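Peer 1: The structure that follows is given in the form of structure tokens.
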Amino acid sequence: MDPAVSVVVITRDRAELLATTLDRLVALPERPAVIVVDNGSGDGTPAMVRHRFPQVTVVALPVNRGSAARQVGARLATTPYVAFADDDSWWAPGALAAAAGYLDQHPAVAVVAARVLVGVDQRLDPTSAVMAASALGPASGRRGRAILGFLACAAVVRREAFLHVGGFPERFGVGGEEEPLAMALAAEGWELVYLDDVVAHHHPALARDPTARRRVQARNRLWAAWLARSPAAATRATLAAVAGARHDAALRRALVDAARGVGWVYRERKPVPPGVERALRLLEAAGSRRPTAGQGGLDRRTIRRTSR
């Protein structure tokens, strides 16, 4: 068993899909410890895992905690690095060893984001293409690209840094939860890196409700901007949402949802340092940071450079 990496999988009501993913994870040559955190499933998922995968640790939460369930698994892990997966994603053989080796060599890096191949035809995920072309250029180790944002189901994190900044915010649920975490890590001076030779596979399950997911993602984009961006950037995000809402019912509902959170957003608002904000604007100007996800790039050198 690789003593460096554990895999944390979150799931809800997808027992058979999860079983396929676990078959692949327990067969990895790294033999990572695998921890499943079940978000209040009603289909017997925890019992299935205990019966079919006795070597896997399973935690059955009484309620759905969304992306914040990953913190539960990360706290249980005893390894310095934690790789995340969903019930429809898994890691390629050798990917975890490569990510752990990189993190060993680069102690300032908190997140390694993988190249994601989608479906049986292994199409490159568009998010991976965006990260591979990050406007902020090579990471400080000269291998990989400096990024700000990642896909949670295909990321390896430095456990200590991840837990120190609080992990994924529970209020965000699932959908766009990566952006506030990426900004929180960058604000603490951590680097995030995309590595093309670290590979994860994603076979997306049919969305339970695509419209509801778009609504959550749009709400979370606003919350992320209001929580951590400059007043000007938060205003731009709000105006863009208002403009889109004129022709999109899901966005209109997202605006209402976001407005209901104004109170806690105001209490918890913590703007990123000026250098981080400047780097975010640089990414936006370069078109490397799509509004639907937290892609882009940022490292310590960029923070220092843009702070001058």
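The values are calculated or read from the model by the stated rules, or taken from the named source; none is laboratory data. Nothing here was measured: the structure is a model prediction, and the numbers come from that model. Don't worry about glycine lacking a Cβ; one is built from the backbone with ideal geometry, like all the others, and counts go over all protein chains shown.
Peer 1: Would you call residue 96 crowded, with 17+ Cβ neighbours inside 10 Å, over 20 Å from the mean Cα position of the chain (by Cα) and within 23 Å of residue 177 (Cα to Cα)?
Peer 2: Numbers: crowded, with 17+ Cβ neighbours inside 10 Å: yes; over 20 Å from the mean Cα position of the chain (by Cα): no; within 23 Å of residue 177 (Cα to Cα): yes.
Spelling it out, it is not the case that residue 96 is crowded, with 17+ Cβ neighbours inside 10 Å, over 20 Å from the mean Cα position of the chain (by Cα) and within 23 Å of residue 177 (Cα to Cα).
Peer 1: Tell me, which residue of the stretch 280-308 that is assigned to a helix (DSSP H, G or I) and within 17 Å of residue 194 (Cα to Cα) is modelled with the highest pLDDT?
Peer 2: Filtering the stretch 280-308 for residues assigned to a helix (DSSP H, G or I) gives 280-286, 300-307.
This time we only want the ones that are within 17 Å of residue 194 (Cα to Cα), so: 280, 283, 300-302.
On the way: 280: 90, 283: 84, 300: 41, 301: 42, 302: 39.
Here the answer is 280.
Peer 1: With the checklist (1) at pLDDT 95 or above; (2) in a loop (DSSP other than H, G, I, E, B); (3) within 17 Å of the chain's Cα centre (by Cα) in hand, flag the one item residue 175 doesn't pass.
Peer 2: Just one mismatch for residue 175, condition (1).
Peer 1: While we're here: Taking the stretch 237-262 as the region of interest, how many residues are of a type in the set (Lys, Arg) and either under 17 Å from residue 182 (Cβ atoms) or not in a helix (DSSP H, G or I) (or both)?
Peer 2: Looking only at the stretch 237-262, we keep the residues that are of a type in the set (Lys, Arg), and these are 246, 252-253, 260.
Next, only the ones that are either under 17 Å from residue 182 (Cβ atoms) or not in a helix (DSSP H, G or I) (or both) stay: 246.
So the count comes out to 1.
Peer 1: What number of residues within the stretch 36-74 are part of a helix (DSSP H, G or I), touching a strand residue (DSSP E or B) at 6+ places or on another chain (Cβ under 8 Å) and on the phi < 0 side of the Ramachandran plot? Spell out the reasoning first.
Peer 2: To start, the set of residues in the stretch 36-74 that are part of a helix (DSSP H, G or I) comprises 45-52, 66-74.
Now drop any that are not touching a strand residue (DSSP E or B) at 6+ places or on another chain (Cβ under 8 Å), which leaves 45-46, 49-50, 66-67, 69-70, 72-74.
Narrowing further to those that are on the phi < 0 side of the Ramachandran plot: 45-46, 49-50, 67, 69-70, 72-74.
Residues in the stretch 36-74 being part of a helix (DSSP H, G or I), touching a strand residue (DSSP E or B) at 6+ places or on another chain (Cβ under 8 Å) and on the phi < 0 side of the Ramachandran plot: 10 in total.
Peer 1: For the stretch 213-239, name all the residues that are surrounded by 16 or more Cβ atoms within 10 Å (Cβ to Cβ), hydrophobic (A, V, I, L, M, F, W, C), out of contact with any Leu (no Cβ under 9 Å at 6 or more places or on another chain) and farther than 14 Å from residue 266 by Cβ.
Peer 2: The answer is 216, 224.
Peer 1: Still on this structure, I have one more. Please tell me if residue 123 is closer than 24 Å to residue 176 by Cα, out of contact with any Lys or Arg (no Cβ under 9 Å at 6 or more places or on another chain), buried (at least 22 other Cβ atoms within 10 Å of the Cβ) and charged (D, E, K, R).
Peer 2: Numbers: closer than 24 Å to residue 176 by Cα: yes; out of contact with any Lys or Arg (no Cβ under 9 Å at 6 or more places or on another chain): yes; buried (at least 22 other Cβ atoms within 10 Å of the Cβ): no; charged (D, E, K, R): yes.
Judged against the criteria, residue 123 is not a match.
Peer 1: Right, next: Restricting to the stretch 186-210, name every residue that is surrounded by fewer than 24 Cβ atoms within 10 Å (Cβ to Cβ) and part of a helix (DSSP H, G or I).
Peer 2: Passing the criteria: 187, 210.
Peer 1: Provide a single number: the residues in the stretch 34-57 that are among the hydrophobic types (A, V, I, L, M, F, W, C) and surrounded by 22 or more Cβ atoms within 10 Å (Cβ to Cβ). First the steps, then the outcome.
Peer 2: Kept after step one, since they are among the hydrophobic types (A, V, I, L, M, F, W, C), are these residues of the stretch 34-57: 34-37, 47-49, 53, 56.
Now narrow it down to the ones that are surrounded by 22 or more Cβ atoms within 10 Å (Cβ to Cβ): 34-37, 49.
Within the stretch 34-57, residues that are among the hydrophobic types (A, V, I, L, M, F, W, C) and surrounded by 22 or more Cβ atoms within 10 Å (Cβ to Cβ) number 5.
Peer 1: Is there a residue being in a helix (DSSP H, G or I), over 22 Å from residue 71 (Cβ atoms), among the acidic types (Asp, Glu) and out of contact with any Lys or Arg (no Cβ under 8 Å at 6 or more places or on another chain) anywhere in the stretch 13-33?
Peer 2: Residues of the stretch 13-33 that are in a helix (DSSP H, G or I), as a first pass: 15-26.
From what is left, the residues that are over 22 Å from residue 71 (Cβ atoms) are 15-17, 19-20, 23-24, 26.
Filter again for among the acidic types (Asp, Glu), leaving 16, 23.
Now drop any that are not out of contact with any Lys or Arg (no Cβ under 8 Å at 6 or more places or on another chain), which leaves 16, 23.
Yes, there is a match, as at least one residue in the stretch 13-33 is in a helix (DSSP H, G or I), over 22 Å from residue 71 (Cβ atoms), among the acidic types (Asp, Glu) and out of contact with any Lys or Arg (no Cβ under 8 Å at 6 or more places or on another chain).
Peer 1: Okay, next question. Would you mention how many residues in the stretch 104-143 are part of a loop (DSSP other than H, G, I, E, B) and either on the phi < 0 side of the Ramachandran plot or under 18 Å from the mean Cα position of the chain (by Cα) (or both)?
Peer 2: First pass over the stretch 104-143, keeping only residues part of a loop (DSSP other than H, G, I, E, B): 106-108, 119-122, 125, 133-137, 139-143.
From the residues that got through so far, the ones that are either on the phi < 0 side of the Ramachandran plot or under 18 Å from the mean Cα position of the chain (by Cα) (or both) too are 106-108, 120-121, 125, 133-136, 139-141, 143.
So the count comes out to 14.
Peer 1: Further question on the same structure: Residue 146 fails exactly one of the following numbered conditions: (1) closer than 21 Å to residue 74 by Cα; (2) crowded, with 24+ Cβ neighbours inside 10 Å; (3) modelled with pLDDT under 95; (4) aliphatic (A, V, I, L, M). What is the number of that condition?
Peer 2: (1)
Peer 1: From 12, 50, 31, which residue is closer than 21 Å to residue 176 by Cα, of a type in the set (D, E, K, R) and out of contact with any helix residue (DSSP H, G or I) (no Cβ under 7 Å at 6 or more places or on another chain)? Steps first, answer last, please.
Peer 2: On the way: 50 fails: closer than 21 Å to residue 176 by Cα; 31 fails: closer than 21 Å to residue 176 by Cα.
Result of the check over 12, 50, 31: 12.
Peer 1: Looking at residue 265 and the list (1) surrounded by 14 or more Cβ atoms within 10 Å (Cβ to Cβ); (2) at pLDDT 95 or above; (3) part of a loop (DSSP other than H, G, I, E, B), which single condition is not satisfied?
Peer 2: For residue 265, the failing item is (3).
Peer 1: Could you check the stretch 145-158 and list, in sequence order, the residues that are assigned to a helix (DSSP H, G or I) and in contact with a helix residue (DSSP H, G or I) (Cβ under 6 Å, 6 or more places away or on another chain)? Reasoning before the result, please.
Peer 2: First, the residues of the stretch 145-158 that are assigned to a helix (DSSP H, G or I): 152-154.
Hit for the stretch 145-158 is 152, nothing else.
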